[in-house]
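J.: First, the structure itself, so that you have it in front of you.
The values are calculated or read from the model by the stated rules, or taken from the named source; none is laboratory data. Quick caveat, the model's predicted, so the values are computed rather than measured. Virtual Cβ from ideal backbone geometry, glycine too; neighbours counted across all protein chains shown.
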Amino acid sequence: MNDNGKQKKRLGALDVLIIFLLLAVIGSAAYRWYSGRNSDAASGVQMDPYVITFKIVDIRDSSAQNYLETGTNFYLQDTDQFFGTLREGKTIRDAEKFYEMPDGEIVKVSTDLTGDFYRVDVEASVTARGRMDGEGRFLLDGSRYIGANREITIYSKYLTVTAIVTGISLAQ
């Protein structure tokens, strides 16, 4: 005991462990912030032109004809990031509709409708800028992963569609 009658407080093993863990969390957060700030996209890594092909299922034929024109710019809906410039878009087939009847039978319904009711499936491609990372994954503008068979929502000035990525290759 002291002269005052109080006990001297000492650091225990648990206190040291808590301080060490707190410093580790702060250090890892600072490292993530620093590495994110100095990412490949920000540091000027060379981006190459790539061709991303995708499929749009069950779109109005009038929308496909009027708004999928060569040179149209598309953006990712969730981040407003530039996706690419449309190279080509072509109708690959009439959209197929299947309905389940009350008795459980599945039947194909005719899509031979006119005007805005006529639906088609479209295959299109855009020219995008990005790079392949060390694991062979495509990074749009060096930051956003885009992979085959992934569903993405893209938009242009007049059209918003959900597309399924079918392929990514280096532009010729």
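J.: Inside the range 141-166, can you point out the residues that are basic (Lys, Arg) and either modelled with pLDDT of 90 or more or closer than 17 Å to residue 70 by Cβ (or both)?
T.: 150, 157
J.: Could you go through the range 74-93 and let me know if any residue there is of a type in the set (Asp, Glu), at pLDDT below 90 and over 20 Å from residue 158 (Cβ atoms).
T.: No, the range 74-93 contains no residue that is of a type in the set (Asp, Glu), at pLDDT below 90 and over 20 Å from residue 158 (Cβ atoms).
J.: If we scan the range 125-148, do we find a residue that is among the hydroxyl-bearing types (Ser, Thr, Tyr) and touching a Pro at 6+ places or on another chain (Cβ under 8 Å)? Give the derivation first.
T.: Taking the range 125-148 as the starting set, the residues that turn out to be among the hydroxyl-bearing types (Ser, Thr, Tyr) are 125, 127, 143, 145.
Within this subset, residues satisfying the condition of being touching a Pro at 6+ places or on another chain (Cβ under 8 Å) are 127.
For the range 125-148, residues among the hydroxyl-bearing types (Ser, Thr, Tyr) and touching a Pro at 6+ places or on another chain (Cβ under 8 Å): present.
J.: Can you pull out the residues in the range 139-163 that are closer than 18 Å to residue 86 by Cβ and surrounded by 14 or more Cβ atoms within 10 Å (Cβ to Cβ)? Walk me through how you get there before you give the answer.
T.: Just the residues of the range 139-163 that are closer than 18 Å to residue 86 by Cβ, to begin with: 140-141, 146, 152-163.
Matches in the range 139-163: 140, 141, 146, 152, 154, 155, 156, 159, 161, 162, 163.
J.: Further question on the same structure: Name the single residue, out of those in the range 100-123 being crowded, with 18+ Cβ neighbours inside 10 Å and either touching a Leu at 6+ places or on another chain (Cβ under 6 Å) or at pLDDT below 85 (or both), that is farthest from residue 86 (Cα to Cα).
T.: 119
J.: Something else: What number of residues within the range 53-73 are modelled with pLDDT of 90 or more and touching a Phe, Trp or Tyr at 6+ places or on another chain (Cβ under 8 Å)?
T.: 1
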